[in-house]
Amino acid sequence: MSYLLNAIALLVELAFDAVATLFLLRLAAEACRADFHNPLSQFVYRTTNPVLAPLRRVLPNWRRINLSALLVAWLAMLLKRLLLFALGGLLPHIVGLVVLSLAELLDYVLLFYLVLVFAWSLMSMFAPDPYHPLQRLLGALVDPLLRPLRGKLTVGMIDFSPTLVIVALLLARILMAQPLLDMGFQLAVAG
């Protein structure tokens, strides 16, 4: 690829990943019942609601999971991958494209939570204001992952539960997402 195509590919990835992140934040905030009065939660809600409101009539929530937000995040991954293939001059096989975009969404969700847990643990080390909107939102989003381990991996004053969760997320990316990504690439370029 030329330098210009590499730059365009980077911009395409950034744009679609930002969209996916926004809808994954909405999905996670609703699933974790994050505080709606938080200004960051309100920003996410207001930004995503124009897209999700019409879709919610067709796709209702399933066990506190916003299927509309999940669908939009998956479509963002699908369109991103389709544009990246087009920039490379390739026309992918549709089954491979679907598998690849699902695998990318899984990998992105795992990376999303990895970053959230890391950011939360870093912020909690420096003991910021516990009422800060970012601290409250991060705490609500990572609590379901950390709650089963909290207090069980404590040595002195240090809780190692975020470390174990980060290692588990990294292993899930290697053992679950990467084989699916490889299979999706093979199916997309075959035929």
Quick one: would you say residue 29 is in contact with a Leu (Cβ under 6 Å, 6 or more places away or on another chain) and at negative phi? no
May I ask you to list the residues in region 123-147 that are closer than 18 Å to residue 166 by Cβ, part of a helix (DSSP H, G or I) and among the charged types (D, E, K, R)? 143
If I go through region 99-128 residue by residue, how many of them are in contact with a Gly (Cβ under 8 Å, 6 or more places away or on another chain) and touching a residue at least 60 places away in the same chain (Cβ under 8 Å)? 6
Of the conditions (1) at pLDDT 95 or above; (2) in contact with a helix residue (DSSP H, G or I) (Cβ under 7 Å, 6 or more places away or on another chain), residue 167 satisfies every one except a single condition; which number is it? (2)
For residues that are surrounded by fewer than 18 Cβ atoms within 10 Å (Cβ to Cβ) and of a type in the set (Ser, Thr, Tyr), scanning just region 109-148, find the one that is nearest to the chain's Cα centre (by Cα). 124
Which residue out of 83, 134, 100, 90 is over 23 Å from residue 176 (Cα atoms) and either modelled with pLDDT of 95 or more or among the basic types (Lys, Arg) (or both)? 83
Qualifying residue in region 22-36 (condition: under 14 Å from the mean Cα position of the chain (by Cα), without any contact (Cβ under 8 Å) to a residue 12 or more places away in the chain and surrounded by fewer than 19 Cβ atoms within 10 Å (Cβ to Cβ)): no
Residues of region 48-93 that turn out to be in a helix (DSSP H, G or I), over 18 Å from residue 187 (Cα atoms), out of contact with any Phe, Trp or Tyr (no Cβ under 7 Å at 6 or more places or on another chain) and touching a residue at least 40 places away in the same chain (Cβ under 8 Å), as a count: 2
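The values are calculated or read from the model by the stated rules, or taken from the named source; none is laboratory data. Fair warning: this is a prediction, and the values are worked out from it, not measured in the lab. Neighbour counts are summed over all protein chains in view; Cβ atoms, including those assigned to glycine, are modelled from backbone coordinates with ideal geometry.
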